[in-house]
Amino acid sequence: MSLTNNPSKTNKSGNSASGETANKTWGGVFDEATDARVQRFSESVSYDARLYAHDIRGSVAHANMLAAVGILTEDEKNQITAGLAEIGWEIAAGKFEFKEELEDVHMNIERALVERIGDVGRKLHTGRSRNDQVSTDFRMWIRDEIDRLDYLLAQVQRAFLSRTEKDAEVILPGYTHLQRAQPVLANHYWLAYIEKFQRDRDRLTDCRKRVNQLPLGTAALAGTTIPIDRQMVADELGFEGLVANSLDSSSDRDFATELLATLSLVAVHLSGWAEEWILWSTIEFNFIKLPKAFCTGSSIMPQKINPDVLELTRGKSARVIGSLQSLLVLTKGLPLAYNRDLQEDKERVFDAVDTIAICLELAAPLVAGAELKREAIEERLDRGYLDATTLMEHLIHRGIPQRTAHGLIGNLVGLAMEKEVRLADLPLEEFQKLDPDLDESVYEVLGVEKAIKAFQSVGSTHPDQVAKQIEAWIAKLADNQPE
Ligand code: ARG
């Protein structure tokens, strides 16, 4: 695909027989050519050329419909659709020259069609406007990207799931406030991310329903007097319904904003995960070894292995969230219906989609390829009194009120800290000072392995609960494997 950035010639010679000024499709009311600076300022083809395949598909459906309702003859329709197909191949082969003076992808393709098949091509735009056309193209493009992103998200989920066999025995400290809190299975961590990404997928699926409504045929803002059949176009293009109100159709970009809100949440999830693994890969944590192919070195410090992919994943969340912000601000003050401001939506959406796609593409192999440093983790698992809460709950089981038990165990932890020992190292007498009824059974919940097994609630880190969830995810993620 090439875009000629030729400095626009102000062409005053102007109006052709068809009533167009210079290269423009608008007609006789203009007696001046567009200022070269305006042309450069207002063009969008340098980026919306990316919509070409969807533009052509939409135009073919529109032409088929125009023929079905008798606006085009069968022969005219055939000329138009064949011409559009040729243009599509040319663009795909990189042989098409997009022209800035034709402003956007829609006018470039339409002009090329007219040049190719003559006046018949001038009938294609009957009953539509670029306002409904651009929205149609954009919705079709987003729809396809949602499907791709959903697949990429599933791949990341599968990568986490793929870890569960080899990490089955590993226990990690769980944190709140980034302070050691309670022990959890490593697999419980992986499941947590699978859940988050599932909600992102669900949000995408939901967003897709609203994206997948056909605007075409609402024309500029009020509809058209041409007896078009919008449902026929919707059926051909796979839209689930018609945008009901033409003013809404012409002005609406909330389908795109909603996508960016959803992608912002994906970015937030990726960024949180990236941050966690950046910490885990430090010597201070020493929990994880990242695959070297996903790290880079330092130009000055020979020993460095830097987690750049994770850092960039965290960093790139900023631009995705920024894009959401852009669309919200872009649209917040727009009166009905179409306003040219809306042209500013595309780059933000393209960028957010591209950014999330590459982050997900990298996340999957990185997740699957990292190694937990089991020994280093295990060595320090008895630090931080991860079993204190379980012990407190053991007291509750024996009839001590929670608030009382909390205080008692707090004191006991204070004692253990003073002595620099684990709770499990304290002699039974110390426990009996809290409650003379306590017996050897306290040791059944002490130590991380035993603490893990003491959990009971649904969704907890008990090995049986975790195993159940893993099983469910294996079934679920196997279901929608791509063909
Ligand atoms: N390039 C424009 C956009 O992206 C297409 C619609 C232009 N419509 C118009 N009436 N000028 O929004």
> Under 16 Å Cα-Cα from K373, which lysines qualify once same-chain neighbours fewer than 8 residues away are excluded?
Replying inline: K166, K289, K292
> Relative to the longest principal Cα axis of the chain, at what angle does helix 345-369 sit, 0 to 90 degrees, rounded to 10?
Replying inline: 40
> What full-extension length gain, to one decimal in nm, is calculated for N78 and E115 as 0.36 nm per residue of separation minus the Cα-Cα distance?
Replying inline: 11.7 nm
> Label 7 Å along Cα→Cβ of Q456; the stretch 401-427 residues with amide nitrogen under 16 Å?
Replying inline: 401-402
> Which value in nm describes the separation of the simple spin-label points at A368 and A478, placed 7 Å from the Cα toward the beta carbon?
Replying inline: 1.7
>> Can you tell me the orientation of helix 105-117 relative to the chain, as the angle in degrees between its alpha-carbon axis and the longest Cα principal axis, to the nearest 10?
In response: 40
> If r is the Cβ-Cβ distance from N286 to R199 and R0 is 35 Å, what FRET efficiency results, to the nearest 0.05?
Replying inline: 0.65
> Packing-wise, with mean Cβ within 10 Å as the measure, how do 195-204, 237-246 rank, highest first?
Replying inline: 195-204, 237-246
> Taking the chain, how much of its Cα-Cα pair set, in percent, is spaced more than 41 angstrom apart?
Replying inline: 40
>> Taking 22 Å as R0, compute the FRET efficiency from the Cβ-Cβ separation of R383 and L312 and round it to 0.05.
In response: 0.10
> In whole percent, what relative contact order does the chain give with Cα contacts below 8 Å and a gap of six or more residues?
Replying inline: 14
> Ranked highest first by average number of other Cβ atoms within 10 Å, how do 461-468, 108-115 line up?
Replying inline: 108-115, 461-468
> Any idea what the relative contact order of the stretch 219-370 is, in percent, if you count C-alpha pairs under 8 Å spaced at least 6 apart?
Replying inline: 28
> So for the stretch 375-483, taking the charge dipole from beta-carbon charges (+1 Lys/Arg, -1 Asp/Glu), which of A454, V442, T389 sits furthest toward the positive end?
Replying inline: T389
> For the Cα atoms of the chain, what angle does the longest principal axis make with the long axis of helix 402-419, in degrees from 0 to 90, nearest 10?
Replying inline: 70
> Rounded to a whole number, what % of the accessible area of the chain do carbon and sulfur atoms account for, probe 1.4 Å?
Replying inline: 52
> By per-residue mean of other Cβ atoms within 10 Å, what is the highest-first order of 305-311, 400-406?
Replying inline: 305-311, 400-406
>> Just want to confirm a number: the relative contact order over the stretch 132-212, from Cα pairs under 8 angstrom separated by 6+ residues, in percent.
In response: 37
> Full extension from D464 to N411: what is 0.36 nm times the residue separation minus their Cα-Cα distance, to one decimal in nm?
Replying inline: 15.9 nm
>> Please report the net charge: other residues with Cβ closer than 11 Å to the Cβ of G272, K and R +1, D and E -1.
In response: 0
> What order do Y175, Y47 take when sorted by accessible area (1.4 Å probe), most exposed first?
Replying inline: Y175, Y47
>> Quick check: with the 1.4 Å probe, what order do T355, T34, T205 take by accessible area, largest first?
In response: T205, T34, T355
> Measuring with a 1.4 Å probe in the full set of protein chains, what accessible area per residue, in whole Å², belongs to the chain?
Replying inline: 48
>> Just to verify a number: FRET efficiency for E86 and T126, C-beta to C-beta distance, R0 = 22 Å, to 0.05?
In response: 0.60
>> For the chain, what does the helix formula give at 222 nm: sum of -39500 (n - 2.57) over DSSP H segments with n ≥ 4, over the residue count, nearest 500 deg cm²/dmol?
In response: -18500 deg cm²/dmol
> Once fully extended, how much extra length lies between F41 and E347, figured as 0.36 nm per residue of separation less the alpha-carbon to alpha-carbon distance?
Replying inline: 108.7 nm
> Distance in nm between label sites at Q303 and D31, each 7 Å beyond Cα in the beta-carbon direction?
Replying inline: 8.0
>> Quick check for me: using +1 on Lys/Arg Cβ and -1 on Asp/Glu Cβ, what's the dipole size of the stretch 244-370 about its Cα centre, in debye to the nearest 20?
In response: 380
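The values are calculated or read from the model by the stated rules, or taken from the named source; none is laboratory data. Predicted, not measured: the structure shown is a model, and the values here were computed from it. Glycine also receives a Cβ, built like all others from the backbone with ideal geometry; neighbour counts cover every protein chain displayed. Side chains included, ligands, DNA and RNA excluded: accessible areas come from the protein's heavy atoms. Shrake-Rupley method; radii C 1.70, N 1.55, O 1.52, S 1.80 Å.
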